[in-house]
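Engineer: This is the structure I have questions about; it appears just below.
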Amino acid sequence: MGCPKQPDDYSLVIQNAKIIAITTGEIAKGDIYIQHGRIVEISIPPKNSNKYSATQTIDAKGAYALPGFWDNHVHFRGGDSLIADNKNLLKLFIANGITTVRDAGGDLTPAVMQWKQSIEEGELLGPTIFTSGPKIDGPNATWAGSLAVQNNTDIKNALDSLAIIPVDFVKLYDSSISATAYLQTIAQAEQRHWVTSGHMPFTVALDDAIDAGLDGVEHLYYILKGCSYREAEITKKLQVGQMGFWEALPALQESYDPNVAAKTFEKMKANNVYSIPTLHIGKMLSYLDEVDHSNDTYLKYMGPNIIKTYDGRINRVKNATPEALQNRKDLDQFFGKLAKSLSDAGVPMLAGSDSGAFNSYTYPGISLHKELETMVAVGIQPLKALQYSAYGGAKFLRKDKDYGELSTGKIADIVLIGGNPLMDITQTQNIQFVVKGDRFLTKKDLHKLLASAMHTK
């Protein structure tokens, strides 16, 4: 007689979940088995078997299971005096079911790298952080902590310094970098097989940035530029200083050409270039002159130091001409249509909030859900919006071996929500449980976590 089979041993079993296949949108009832922070088995339909032992078991009671959300554009920044305030934001991500963030550059890299390690080791509760470290820009850059490059030696030194950190991708910014240095930086990063994303100086043509190897375009200004039949002419005007960025935008919008756009979308698709549209922050900033944010629920989690950083954008709006304010609103409406066109054309996209200090009233955690809502409001299918979070984020950063789907072998970053997000995208905010590796948090735990993030006056 053979020995009786020992029961399987798991650290966590989630029973009775409605599991959403993120690639197809199919929903099936099943159980998820987790060991050492990874999914080791998914049973569809549920096993109805007691032949296993589990340290913890969750009855999902029919909640919908998705990969933990990714916010694909956040910032930790504001100088050393804001380190504690930025660290506090980590709680807001987990409380909102965001298990991973892509930090698109700031001036707190040593602190961010400490948090990243502590989170990986399970000592600190927070999202997995993939970071670009300091941004690359030109001399006298807008953002503190940026690495200034003007020639190939500067670029090599900057990339060497990022390799030492080590960063997860390279982020380029457009405040003062020359067209040549910008394209050279992308090309050199490409030679090192790094993922690159960024703004783009308006002195560069979008096709040239794509040809150099740019992997992701942050915001929609630069894609709009590549959809204008006047792009070459406007680029030249910027190169010789006859036109500025904000002046160029209405001209680009007026010269948008669906045929040029179709070619641009095709080129992005063929080169696997991602668009990160950041629609929610665009909307927030476009209507700062009309909306009173003084009673926003999330203000109490920000603290006075971060709220103070909001003044810059608020004052710019106060000092703007009525024409400039209207242009901004027109552009916001236009960007909604552009995002839908990109999605319809099958251009890969990412959901990112652009939350962080200096970005007025765009709050970490909740803003990713608002981004998904805004995407759906402009006509993007809910399934696609969901794919643009974890699934797309993991693929973009080449981390899809470990993240992005609920499947065997993947890291167990899971969110369970009360309603079907394919029918109602706001259900992403109806979070019942969050699983982060071997750790799971109930709704009550998440409320406590949120309360602990509150700033006492």
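Laboratory data are not the source of any read-out in this text; all were calculated from the coordinates shown. Please read all numbers here as calculations on a predicted model, not as lab measurements. So basically every Cβ, Gly included, is an ideal-geometry build from the backbone, and we count neighbours across all protein chains shown.
Engineer: If the only charges are +1 at each Lys and Arg Cβ and -1 at each Asp and Glu Cβ, what is the size of the charge dipole of the chain around the Cα centre, to the nearest 20 debye?
Structural biologist: With Lys and Arg at +1 and Asp and Glu at -1, about 840 debye.
Engineer: Mind checking which of A248, M454, T196 is farthest towards the positive end of the chain's charge dipole, using Cβ charges of +1 (Lys, Arg) and -1 (Asp, Glu) about the Cα centre?
Structural biologist: Selected residue: M454.
Engineer: I've got another one for you. Using alpha carbons only, how many angstrom separate the centre of region 228-291 from the centre of region 126-199?
Structural biologist: 22 Å
Engineer: If eta is 1.567 mPa s and T is 4 °C, what Stokes-Einstein diffusion coefficient results for region 39-134, Kirkwood Rh from Cα pairs, in µm²/s?
Structural biologist: Details: Rh = 15.6 Å.
Rounded to a whole number, D works out at 83 µm²/s.
Engineer: Suppose only helical runs count, i.e. DSSP H with n ≥ 4. What mean residue ellipticity at 222 nm does that imply for the chain under -39500 (n - 2.57) per run, divided by all residues and rounded to the nearest 500 deg cm²/dmol? Can you show the working numbers first?
Structural biologist: Values: 17 runs with 176 residues, N = 457.
Roughly -11500 deg cm²/dmol at 222 nm, from the helical runs in the chain.
Engineer: Moving on to the next point. Give the whole-number value, in cubic angstrom per residue, of the convex hull volume spanned by the C-alpha atoms of the chain.
Structural biologist: So the per-residue Cα hull volume is 153 Å³.
Engineer: Which residue, V101, S389, G133, has the largest displacement toward the positive end of the dipole of region 69-396 when charges sit on each Cβ (Lys, Arg +1; Asp, Glu -1)?
Structural biologist: Highest projection toward the positive end goes to S389.
Engineer: Among the aspartates and glutamates, which fall within straight-line cross-link reach of K410, defined as a Cα-Cα distance under 12 Å, with same-chain neighbours fewer than 8 residues apart omitted?
Structural biologist: E41, D400, D402
Engineer: Then there's this: Just to confirm the number: angle between the C-alpha axis of helix 245-254 and the first principal axis of the chain, 0 to 90 degrees, nearest 10?
Structural biologist: Here the helix axis deviates by roughly 80 degrees.
Engineer: Okay, moving on. If the only charges are +1 at each Lys and Arg Cβ and -1 at each Asp and Glu Cβ, what is the size of the charge dipole of region 383-447 around the Cα centre, to the nearest 20 debye?
Structural biologist: On the way: 10 positive and 7 negative charges, 31 e Å.
Result for region 383-447 is approximately 140 debye, rounded to the nearest 20.
Engineer: Give the span of region 70-199's Cα atoms along each principal axis, as three whole-Å numbers ordered largest to smallest.
Structural biologist: 43, 30, 22
Engineer: If packing is taken as the mean number of other Cβ atoms within 10 Å per residue, what is the order of 361-368, 60-67, highest first?
Structural biologist: Ranked by mean Cβ neighbours within 10 Å, highest first: 361-368, 60-67.
Engineer: What are the lysines whose alpha-carbon lies under 22 Å from the alpha-carbon of K337, with same-chain residues fewer than 8 places away excluded?
Structural biologist: Partners found: K225, K263, K267, K269, K283, K329, K370, K384.
Engineer: Expressed as a whole number of Å, what is the distance separating the alpha-carbon centroids of region 354-415 and region 315-351?
Structural biologist: 20 Å
Engineer: Which entries of K18/K444; K51/K395; K395/K444 have Cα-Cα distances beyond 29 Å here?
Structural biologist: K51/K395; K395/K444
Engineer: I've got another one for you. Using per-residue counts of other Cβ atoms within 10 Å, averaged over each peptide, order 301-307, 278-284, 322-328 from highest down.
Structural biologist: Going by the mean number of other Cβ atoms within 10 Å, highest first, we get 278-284, 301-307, 322-328.
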